[in-house]
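Okay, so here's the structure we're looking at.
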Amino acid sequence: MDHLRFCLNDRWIDLKDISPTTTVLRYLRDHAHLTATKEGCAEGDCGACTVAVAEERPDGKRTYRAINACLLLLPMVQGKRVYTAEALKRNGEYHLVQRAMAENLGSQCGYCTPGIVMALFEACYRDDLDQPWKIDAQMAGNLCRCTGYRPIRAAANEVAGKRPDDHFAQALGPGVKDEPMQLAYTSPHTQQRYYNPATFEELWDVLDREPEARIVAGGTDLSLEVTKRYADPPVLVSLEAIAGLKGVRPGAGGGHVFGATTPVTDLEDWASAHSPPLERMLRYFGARAIKNRATVGGNLCNASPIGDLAPVLIALGAEAVLRSRAGERRMPLEDFFVAYRKTALEPKEILAGVKVPPLPPHARVSAYKVSKRRELDISAVSAGLCVTVDPTSRRVTSARLAYGGMAATPARARKTEAALVGQVWTEDSVLAAAKQLAEDFTPLSDHRGSAPYRALVARNLLLGFFEETKAQPCPRLPHPHTATVEVR
Amino acid sequence: MRKPRELEPPSTPPPSALTEVRVSPLHQPALHESGLRHTSGEALYVDDLPHPPGMLVAWLVTSPHAHARITKLDTTKAKAVPGVHAVLTHAEVLGLNNVGPVVHDEELFASTEVHFHGQTVACVLAESYRAAREAAARVEVAYEPLPAILTIEEAIRAGSFLGDAHVMRRGDVKAALAAAPVRVSGTVDNGAQDHFYLETQVSLAVPEEGGAVRIHSSTQHPSEVQAIVAHVLGVGRQRITVEVPRMGGGFGGKETQAAGFAAMAALGACVTGRPVKVWLNRDRDMMTTGKRHPFHSRFDAGFDEDGRLLALDVDIYANGGFSTDLTGAILDRALFHLDNAYFIPALEFRGRACRTNLPSNTAFRGFGGPQGMLVIEEALNRAAERLGLDPAEVRRRNFYGAAPRNRTPYDQEVKFEDNRLLRLFDEVMKSAEYARRREAIAAFNASSKYQKRGLAFQPVKFGISFTTSHLNQAGALVNVYADGTVQLSHGGTEMGQGLHTKMLAVCAHALGVRTSAIRVMNTATDKVPNTSATAASSGADLNGQAVKAACEQIRERLRPIAARLLHADPDEVIFEDGEVYARGRPSARVPFREVTAQAYLAQVSMSATGYYRTPNIHYDRVAGKGKPFHYFAYGAAVVEVEVSGLTGEHRLKRVDIVHDVGASLVPTIDRGQVEGGFVQGWGWLTCEEVLFDDQGRLRTHSPDTYKIPAFGDAPLDFRVQLLENAAQDDVIHGSKAVGEPPLMLAIGAVTALRHAIAAFGPPKHEVQLRIPCTPEAVLFAIEHAKRAASR
């Protein structure tokens, strides 16, 4: 396809002369004159711009996903169906979620409301919202400054999983399909290019042809350059249309491979059945609308010292799988991060995924994220902690203690690990080893936390890890819980 | 609380409870009048209005220094950018280059000096944001940096103040302190709070003929915007019309600070002849606009052995930022609320406002009241901790009561018959099962090494009225049409607080019509002139009386017509539910629309204005005495928290509130104000942290770094009751103001956190907890408690 095409509120739209870095939010407000969708922050932190996009789940079923329109570039909905709050009122009748919001007085000023309605809309058609914490997680990305959330929670409880047999349920199929995402678009005015190659061959060809190309997947980070720094990236190459990069699959020789473009939401679903530590970290990775777009590869390639996936994956012994036309190479994930926001990727090479081995025998593993606010915040300190303890000698046989927020990259506490290995696994040995954290890390002070706070929390997380894994080697996060590490 | 009644005919049959017909919507649950339209995008905000043809958009050029002299300002290159129509600076201002609302100390465009990082120097108007940004980058400004004052401490040292000191005195505080068996002294600091209204500042100005301008503004104070725009343009106010559709949140942030952006838009419209929209993105909004005032206070309190206050000596300092704005009145209200709910036999309070090189801090829900209350609550907490007393009991012992314990520090009587403190205490302590839960928490804390819980009681007494007495006035305009439908205009603005919903109820009740027959019009200065800000929790009190007065005039004009139709005596006519009937004959009814049709034919005016001013309020600021408040609003909360001793993270487990809103005009709306106010206060006290760097640059200028409460921060168990049988004399239909008071109930969360933190320490440990109580602040307080325990 050589032009942008998507279905907006049941009408197919074809665009031939718009910049491909136009966000769906700006398109809706400035071009389509649909103003329900609001700009509250233009960075995915408030949810006022939430829209719904029909997406295919890993099991092949189609579902609605709430997405921040402010971070969604138009080509990212190529071939897809998008709904805004305007579409929900049909033939003069308000949708179930709209009535629930109004009847519970879930709106006061109303500015966040259309976004909240679309987050509720996703909830309405989800079939897995069977726990109170899942409602919280579903709504975490939608800030409301007026209500204090109690009535919105009441509305969410009313509509979650209701899935009325209506127009929108029918629009999910069966029989309804998206159009292909494949795209090679050039804006006639700005000459910006946007590619959705569908195969690796097409991808390598495009990368050879376009030396200025930047690779994008979910775009939740890259779009900030457009919305906050007003950048106009000339060439974007998206990996979203390459089928082989998406999803979780069994790895050769055991373990699993997480494809680079796997949405975090899909990974979280997998983790909830297979990996408690990963599930714990993903709970507060970001808001639902972010997780619906953010990808495994995007979070790792961003190489931020406070990226949430890296510590837990390092603790789990993950390998980065890199791919280029020349073939595939692998490295321990901790070696993928070479400096502040810098990875080991060569030009024209992509991160294809991460391979996570099976847990070693007698492993105790957990993951933690501490931030000023529990939900939708960036960590002050995060940690993925894994030790193996010999059941007879009670001695630590291996340790992988990975921290975020403590150094310029996500990093292992090597000296602390060394001090633990060979010791009997007791509170005293943990406290003694934790003294080495001061040798491993010299954290910074910033608006997320002071250096002394980070140092103290890094130590306490290790202590909490010891306590928490006494009863359960891979503890899950209870609900409700007060802290990232819940021990009494 | 019952389920609300539909205000609009629902499109699908609702449960029967919602269709129950009531005689009057007054005192009944109702939906927010725009609630359904909010959900679909039909509710329009200024930025949603269709763009008028030729509209230009704006980009601000702002100061990169906290304080500097402007040595060069050249817009030539910027004006040459294609698509740019004008670059506004101080030189383009047609009238006064000043937008200070009370004191003229705030330039619209900085002319010779900039006084904070983010101050507007120029405003580019262009056909697109892209062109405007490009041109803004080409505005050449050179600065000579000057020394900046950023903190209260620096300002005190430099003698940098705004306005005069405000002092209140009673008795001989020095002697009373010296004689007190227990002395507690210390300092209290609170940070700023960004309003974080979801809708940022925005104004759209459209030129009209004859040099007039119509401004669609997101403002709490259209009349002041009108006045300031008239000053900036150098014209009379008759040429300026300001209209407010609704706001996407205000919270005080759009009381004064919308005016400057409206003035830029209006000036731009005059200069270019085109419609101009000035809209701020989130980062610009947060960097340029003022916030809740940080305060620094020192206190010295004397108590008896039972925790009763004997004397209190306080110095409070507000960080006003670079200009006066409303700082004087905010400092006053902080002083007026240093007592909160407690009688203080001997006292001296001294308040000063500091001028610093920061954005000009401004109104924010509570308006200094929360900052004042924090001081006395800290003193009570410290005393209770030291004496080993239950802080709830200490609070009860200090409540205002019968004479002589009924005089505020400014000598207003706390009328005993209106004093709801003991009733609220009894009700909330009982419904929250405070005593039982406090025991359960003690047991939990004894058995839990890393997590501890805390429980606290918090009362609030909040003075209602603008303390600048002349502001307590309001107007309304009611037009009844011949078909029996009604357009209602009043001076208040809708920012989500439900004012329009309440005014609908007042209007429907007075005219005896259904709310579906009434349309609340956009607030506009050509409908109701010379209004006060919708602020100080006063919106319903003031405008409600004005609406009632207007409606009753029309009703009385209609009464003889109705009497004729009913063949009844005029005194017997009852207006009810869209019909009229004679007392005792309810089956013989005539539709209201028939009465209005007949009134039209009979040449009876069905348009009226209503007006109200609050009686008998006054204050002598020099003497520090008077009756600044019409009455007091009360509330009480019991708050339970849990904290982690490993990370300092904490959670609100349960909140019980009993709030006194008098006879609630619309209880569903009031409940929303109580819940929302509490959570907003909790945000200020726990997770919202406004941080500037040492150059005066705001570090937390978007929700990425500035964290308001999120969905999961709402209390897991949130029980709100409105105090029953609590009608207040002399207020609209016995109701009471509700907008601000509940915010201060969140101070109970701090007391609850202290209770939990103290459990890590030795008996009678005095907790050292800074505000906001972020996980970091809590963890350090816990470490302090643990160190005390190990000594």
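Readers should treat all values here as calculations from the given coordinates under stated rules, not as data from a laboratory. Please read all numbers here as calculations on a predicted model, not as lab measurements. Please note: Cβ atoms are built from the backbone with ideal geometry, for glycine as well, and neighbour counts cover all protein chains shown.
A few notes on this one:
- Spatially proximal lysines relative to A:LYS177 (Cα-Cα < 18 Å; intrachain offsets below 8 disregarded): A:LYS61, A:LYS80
- The order of the peptides B:363-373, A:230-240 by mean Cβ neighbours within 10 Å, most packed first, is B:363-373, A:230-240.
- Projected over all directions and averaged, the alpha-carbon convex hull of chain A occupies 22.8 nm².
- For segment B:101-146 and segment A:114-148, distance of Cα centres in Å: 41
- Helix-only [θ]222 nm of chain A, DSSP H runs n ≥ 4, -39500 (n - 2.57) each, per residue, nearest 500: -7500 deg cm²/dmol
- Treating r as the C-beta distance of A:THR190 and B:ALA142 and R0 as 51 Å, the FRET efficiency rounds to 0.95.
- Qualifying lysines (Cα of each under 19 Å from Cα of B:LYS79; at least 8 residues distant if same chain): B:LYS277
- Size of charge dipole - chain A - debye, nearest 20, with Cβ of Lys, Arg +1 and Asp, Glu -1, no other charges: 860
- FRET efficiency for A:GLU56 and A:SER450, using Cβ-Cβ distance with R0 set to 56 Å, rounded to 0.05: 0.80
- Segment B:636-754 gives an Rg/Rh value of 1.07, both radii derived from C-alpha positions and Rh following Kirkwood.
- Largest-first principal axis extents of the Cα set of segment B:473-613 (Å): 46, 27, 25
- Measuring between their Cα centroids, segment B:262-340 and segment A:45-65 lie 42 Å from each other.
- Nearest-20 debye value, segment B:561-618 charge dipole, Cβ charges on Lys, Arg, Asp, Glu: 120
- Each Lys and Arg Cβ is given +1 and each Asp and Glu Cβ -1; about its Cα centre, segment B:473-613 then shows a dipole of about 40 debye.
- Given charges at Cβ of Lys, Arg, Asp, Glu: segment A:43-194 dipole, positive-most of A:PRO188, A:CYS124, A:ALA171: A:PRO188
- Reach of B:LYS449 by Cα under 13 Å, taken over aspartates and glutamates that are not fewer than 8 positions away in the same chain: A:GLU467, A:GLU468, A:GLU486, B:GLU642
- Pair B:HIS470, B:ARG583: separation of 7 Å Cα→Cβ label points (nm): 4.3
- For chain B, the 222 nm mean residue ellipticity estimated from helices alone, with every DSSP H stretch of n ≥ 4 adding -39500 (n - 2.57) and the total spread over all residues, rounds to -9000 deg cm²/dmol.
- The mean number of Cβ atoms from other chains found within 10 Å of a Cβ in peptide A:369-381 is 6, as a whole number.
- Only one residue of B:GLY186, B:MET247, A:LEU351 has its Cα farthest out toward the positive end of the dipole of the protein assembly as shown, where Lys and Arg carry +1 and Asp and Glu -1 on Cβ, and that residue is B:GLY186.
- Normalised contact order of chain B, rounded percent, pairs of Cα under 8 Å and 6 or more residues apart: 15
- A protection proxy built from the mean count of other Cβ atoms within 10 Å ranks the segments A:417-429, A:19-31, B:65-77, most packed first, as A:19-31, B:65-77, A:417-429.
- Proportion of all alpha-carbon pairs of chain B beyond 39 Å (%): 40
- Calculated FRET efficiency, A:GLN472 to B:SER111, Cβ-Cβ distance, R0 = 41 Å: about 0.05 to the nearest 0.05.
- Multiplying each eigenvalue of the alpha-carbon gyration tensor of the protein assembly as shown by 5 and taking the square root yields semi-axes of 48, 39, 31 Å, largest first, rounded to whole angstroms.
- Average other protein chain Cβ within 10 Å of Cβ, residues B:684-690: 2
- Inter-chain shielding of A:29-42 (mean C-beta neighbours from other protein chains, 10 Å cut-off): 5
- From the C-alpha gyration tensor of segment A:1-179, square roots of 5λ in Å: 25, 19, 14
- Put simply, when B:135-145, A:349-359 are sorted by average Cβ atoms within 10 angstrom per residue, most first, you get A:349-359, B:135-145.
- The residue list A:LEU437, A:GLY297, A:LEU8 was ranked by how far each Cα lies along the charge dipole of chain A toward its positive end, using unit charges on Cβ atoms, and A:LEU437 comes out on top.
- Measuring between alpha carbons in the structure, the pairs from B:LYS291/B:LYS548; B:LYS452/B:LYS707; A:LYS38/B:LYS461 lying more than 29 angstrom apart are B:LYS291/B:LYS548; A:LYS38/B:LYS461.
- Extension gain, B:ARG613 to B:ALA212, is 141.3 nm, computed as 0.36 nm per intervening residue step minus the present C-alpha separation.
- Qualifying chymotrypsin sites (Phe, Trp or Tyr not before Pro) in segment B:407-487, where qualification requires a DSSP coil assignment and no more than 15 other C-beta atoms within 10 Å, comprise B:TYR481.
- Value in Å of the Kirkwood radius, where segment A:267-354 supplies the Cα pairs that are averaged: 13.5
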